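Accompanying notes for the structure given below.
The values are calculated or read from the model by the stated rules, or taken from the named source; none is laboratory data. What you see is a predicted model, and the numbers here were worked out from it, not measured in a lab. Virtual Cβ from ideal backbone geometry, glycine too; neighbours counted across all protein chains shown. Quick note on the areas: whole protein, heavy atoms, side chains included, nothing else; ligands and nucleic acids left out. Shrake-Rupley method; radii C 1.70, N 1.55, O 1.52, S 1.80 Å.
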Amino acid sequence: MIFDSHTHSRFSADSKAEPRDMMEAALKKGLAGLCVTDHYDCDEIPAFCTLENLRGAKAALEPLREEYAGRLEVLRGVELAQGVLCPNEAREPLALTDYDYILGSVHAGRWREDYYWMDYRDPPHPLPVLMREYFENCLAVARWDQVDALAHLGYLKRYAIRDGVTLDYTPYDDLIDEILRTLIATGKALEVNTSGFRYGLPEWIPGIEIWRRYRAMGGELVTIGSDAHRPEDIGAGHKEAQRMLRELGFTRFFYFRARKPVAVEL
């Protein structure tokens, strides 16, 4: 069974995908369902996201949910970035409610430029400073009671590779382990983000060593997301991610419906 828990439609500023095209692509690929998690970056208002976009996504998905019922489960979420860093700005998107899934992410330091735009060969701050700040902010997300899961832990690698820069996260292993322990203690999921391979990385986000440590700690709550911004990427890497999880001793993955985890046997 394939359920893609992290996708984006034209209601995200960095996607042009029509929701119906996403549903049709999911059906053609044999998915059981998907959750559309359009962006809301709390420190990028209105440059990257608006409440109107989130309302538009809700209006577009409600009839599709009914139309595809019995063939494809269509769920609605949000990828809420920098929410814990900008709590005042997070109130309005959270107040829209009726989400199936709230995916917490860190795309930038508070009121800083998104890591996507950064030149990793000439960063605005030393890379060790930025990496530590990034993981500290991920820890804050793991502690926050407003989200269901942590997205793409290790996000910076996805763009550093574009600039020919390899990042070493091992100096932050203690901090990463604290993130994993916190996710387990607070009942939040950790996402297998399959997009790393599409960006030229040789690994998942987070990488397999982190998944080994998460499993050894007793971590079980795992979601799988393609981070697709195009219909053709819906469900990408999902089968391979399931295989990786099985080999590490996981027996289930999860998706969220009405903010509650639904288990799927691997």
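Modelled label positions at residue 1 and residue 89, each set 7 Å beyond Cα in the direction of Cβ, lie 3.7 nm from each other.
Using the Cβ-Cβ distance between residue 116 and residue 24 with R0 set to 35 Å, the FRET efficiency from 1/(1 + (r/R0)^6) comes to roughly 0.80.
Based on alpha-carbon centroids, what's the gap between the stretch 136-192 and the stretch 44-119 in Å, whole number please? Answer, in whole Å: 19. Taking 72, 34, 150 as the candidate residues, the one with maximal mean-square fluctuation in a Gaussian network model of the chain, Cα springs under 10 Å, is 72. For the residues 53, 137, 88, a GNM of the chain with alpha-carbon springs under 10 Å puts the largest fluctuation on 88. A crude spin-label estimate for the pair residue 165 and residue 212, with each label 7 Å from Cα along the Cβ direction, gives 2.7 nm.
Return the FRET efficiency for the residue pair residue 47, residue 199: r is the Cβ-Cβ distance, R0 is 22 Å, and the value is rounded to the nearest 0.05. Please list the in-between numbers first.
Numbers: r = 23 Å, r/R0 = 1.03.
FRET efficiency, residue 47 to residue 199: 0.45.
Maximal additional length on extending the residue 59-residue 266 stretch stands at 71.2 nm, based on 0.36 nm per residue less the C-alpha distance. When the Gaussian network model of the chain links Cα atoms closer than 10 Å, the mean-square fluctuations of 196, 109, 154 top out at 109. A full extension of the chain between residue 243 and residue 258 corresponds to an added length of 2.7 nm, given 0.36 nm per residue minus the alpha carbon distance. Once the C-beta distance of residue 32 and residue 146 is scaled by a Förster radius of 25 Å, the resulting FRET efficiency is 0.35 to the nearest 0.05.
Relative contact order for the chain: 21 percent, from Cα pairs under 8 Å spaced at least 6 residues apart, divided by residue count.
Quick one: Cα convex hull volume of the stretch 141-259, Å³ per residue?
Values: hull volume 13.5 nm³, N = 119.
It comes to 114 Å³ per residue, whole-number rounded.
With all protein chains kept in place, the per residue accessible area of the stretch 1-119 amounts to 41 square angstrom at a probe of 1.4 angstrom.
Computed with a 1.4 Å probe over protein heavy atoms only, the accessible area of residue 215 comes to about 70 Å². The sum of -39500 (n - 2.57) across all DSSP H runs of n ≥ 4, divided by the residue count of the chain, sets its helix-only mean residue ellipticity at 222 nm to -10500 deg cm²/dmol. Extension gain for residue 127 to residue 69 (0.36 nm times residue separation, less C-alpha to C-alpha distance): 16.2 nm.
Largest to smallest in accessible area, the residues 161, 102 fall in the order 161, 102 (1.4 Å probe, all protein chains included).
Each of the peptides 65-71, 227-233 was scored by the mean count of other Cβ atoms within 10 Å over its residues; in descending order, highest first, they stand as 227-233, 65-71.
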